[in-house]
Amino acid sequence: MAKFSFLSNVAMAAAGAYALTRYSPGHAPIVNLNPYSTFSIIYSLILAWKIVYHMFLYPKWLSPLNKLPKPPAGALGIMDSSGSVSAPGRERWKPCVPHQGFLYYLHIFNSQRVIVASPSAVQELCVRADDFTKPRLIRLLAERFLGLGLVLAETEQHRAQRRVFLPIFAPRHVREMYPIFWAKTREVTQKLAGIVESAAVQGSGKERMAVMEVGHWSSRAALDIVTMATLGKDFGSVENENSLLAKSYRNALEPTRGHLVQAMFKLFFPSSIVDNIPNRWNRALAEYVPIFRGTCRDLLIEKRNAASDETIKTKGKDLLSLCFQYEESARANEEELIDQLTTFLAAGHETISVGITWAVYMLCLHPEWQTLLREETRAHFPDPTDGAGAAAVPDPFVVETLPLLQAFIHEVLRWYPPIPETMREPLRDTVVDGQFLPKGLMLVVPIKGIMRQETCFGPDAAVFNPRRWLTEKPVEEGEGAGGATKLAFNSTGGATSKYANLSFMQGVRSCIAMNFAKAEMACIIAAWVGRFKFELEDPSLMDEKNMRISNGSFSGRPANGLNVKWGVVDGWGTKTATKA
Ligand code: HEM
């Protein structure tokens, strides 16, 4: 894209115009034109040549990548936005195209892209993290609100940040967060149960069901949990959907197709121009990003003032304390600390909300799993709607090993990974798995496509089957009868390689909060399936082919939301729980 640089074109045209009018006026493109017109003509010719060369000649005929297998369908025209290159499209056609781990296609404006589709090639991208950075497009899309936090930082800066922030997501520390997960889970579950009950009172009362959009509620709960767990502050989004933080997040940070298109424009034109176009995305960013970042700034100041005791700043494991440690070790300034806070809020909110939404969709498609999970979770979780049970918290060690719940969550994350694809860009010309990849090429890792390939998850990879995460194990002595077996969770799911299991990616750029995410999802899904039964409002969605998936942001979620009929299931029974 650097070849398209706006400034270099202007400079070349200006130099050409100057040279022609100054030294050879008789040979200016059209005799007697003034320098401005000469400049315009030369500029147009440069642009036209670059467009023809970079958009047609090179990608379609001259690029060495052209020899790689390609999508079988889809006219690769100037605006190549055919279905064959969309994320769901890729996943559909890939198994039909024989490949050696790499596929080539042309994206918008015929920009070249290579899909990295084999675990061994993905492994190289993960292991050689310093050679493959996040592409410029991703930085342009997210930098304005995330800054250079952990998601966007690269190489040495990334390593320094990751070292500092790892402890907050260590398994032991995540287990200490269960009271937070559970308190918010109780609050949202009680609120939803109340809505269902009042819908039943107002309606016929027979059905005791209410239609609610799953993503709306999972998003509110996830935002509160991530702010409580990382910033120690409840912004009350479950209580009030228009709470300041929820509203500013929705309006400024929620990724939309508009933001993506705007970021693409920045590949061709300077950010200072694109960011100042008077459109609704820029207006929203200008209005709400300062509110969001201002909230984070206030929290930092509050914590700094409160932490007069140096040990709180240097030994604490909460995010704010770690921010102070980062400030000291990396000599970071306040804006960089705010970058970290916004990064964690954004990365930890949308993904979980999307994961829970897909889990409820899968429960609707597979009602037998509602029954199985309800039985298991009611036996091991306290009743979240029991007003008197506020002090009871599920035991993290039990939750981590509950076979059915864990198997179900892992299969949902395999089948509908909240981040269905990611991208990388080689920092220099390189070779991966024997394939030459030029510097700056956009590499697409089709996380979802890979996890649905038979070569990665076995012959039934293209089927939703939580049982792939279960193994029969002999019952240990002291547990019961000799020779008997029990179901146990197995964490590989039968994947042929660690690098086939990519819901959270792998290596040093993998999700830093994987344990946190799984624990939070376990609490919410257990509480909801224990208390509610689910049915799709639109029965046509029982066929997954009718489910449209949004493709305009980092996460893949139901394009039109997920409206589900929620019904309260009475009873809960005795539960095993620890006291907080
Ligand atoms: C089910 C929920 C989640 C899923 C599926 C998920 C998935 C991922 C994936 C695939 C990546 C790698 C992205 C890439 O390389 O392009 C990633 C990175 C990251 N995630 Fe998550 N994530 C989840 C939840 C969370 C939560 C709750 C947080 C924070 C509280 C979080 C914070 C991050 C951060 C900071 C990174 C960047 C790590 C780095 O580059 O060192 N994620 N996540």
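Would you check if D433 is of a type in the set (D, E), over 30 Å from L345 (Cα atoms) and surrounded by 14 or more Cβ atoms within 10 Å (Cβ to Cβ)?
On the way: of a type in the set (D, E): yes; over 30 Å from L345 (Cα atoms): yes; surrounded by 14 or more Cβ atoms within 10 Å (Cβ to Cβ): yes.
Yes.
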Residue check, A160 more than 16 Å from the ligand (Cβ to nearest atom), at pLDDT below 95 and in the same structural domain as A527 (by TED's automatic domain parsing): no
Single residue of region 482-515 satisfying the filter (more than 11 Å from the ligand (Cβ to nearest atom) and either among the charged types (D, E, K, R) or in a helix (DSSP H, G or I) (or both)) that is most open to solvent (accessible area, probe 1.4 Å): K498
Set A193, A199: member being touching a strand residue (DSSP E or B) at 6+ places or on another chain (Cβ under 9 Å), more than 14 Å from the ligand (Cβ to nearest atom) and without any contact (Cβ under 8 Å) to a residue 40 or more places away in the chain: A199
Among (1) within 16 Å of the ligand (Cβ to nearest atom); (2) over 24 Å from T230 (Cα atoms) - the single one R378 does not satisfy: (1)
Whichever residue in region 406-430 is over 22 Å from the mean Cα position of the chain (by Cα) and either within 16 Å of the ligand (Cβ to nearest atom) or in contact (Cβ under 8 Å) with a residue 60 or more places away in the chain (or both) and, among such residues, is surrounded by the fewest Cβ atoms within 10 Å (Cβ to Cβ): R428
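Looking at region 118-136, which of its residues are in a helix (DSSP H, G or I) and away from the ligand (no atom under 12 Å from the Cβ)?
Selection gives P119, S120, A121, Q123, E124, V127, R136.
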Lone qualifier among K439, K518, K473 - being surrounded by fewer than 16 Cβ atoms within 10 Å (Cβ to Cβ) and either within 15 Å of G101 (Cα to Cα) or assigned by TED's automatic domain parsing to the domain that holds L404 (or both): K473
Test: residue in region 25-42 that is modelled with pLDDT of 85 or more, assigned to a helix (DSSP H, G or I) and of a type in the set (S, T, N, Q): yes
Residue tally, condition open to solvent by 30 Å² or more (accessible area, probe 1.4 Å), part of a helix (DSSP H, G or I) and not polar (S, T, N, Q), over region 268-281: 4
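The values are calculated or read from the model by the stated rules, or taken from the named source; none is laboratory data. Since this is a predicted model, take the numbers as computed values, not measurements. Glycine gets a Cβ as well: all are built from the backbone with ideal geometry, and neighbour counts include every protein chain shown. These accessible areas exclude ligands, DNA and RNA; they are computed on the full protein's heavy atoms, side chains included. Shrake-Rupley method; radii C 1.70, N 1.55, O 1.52, S 1.80 Å.
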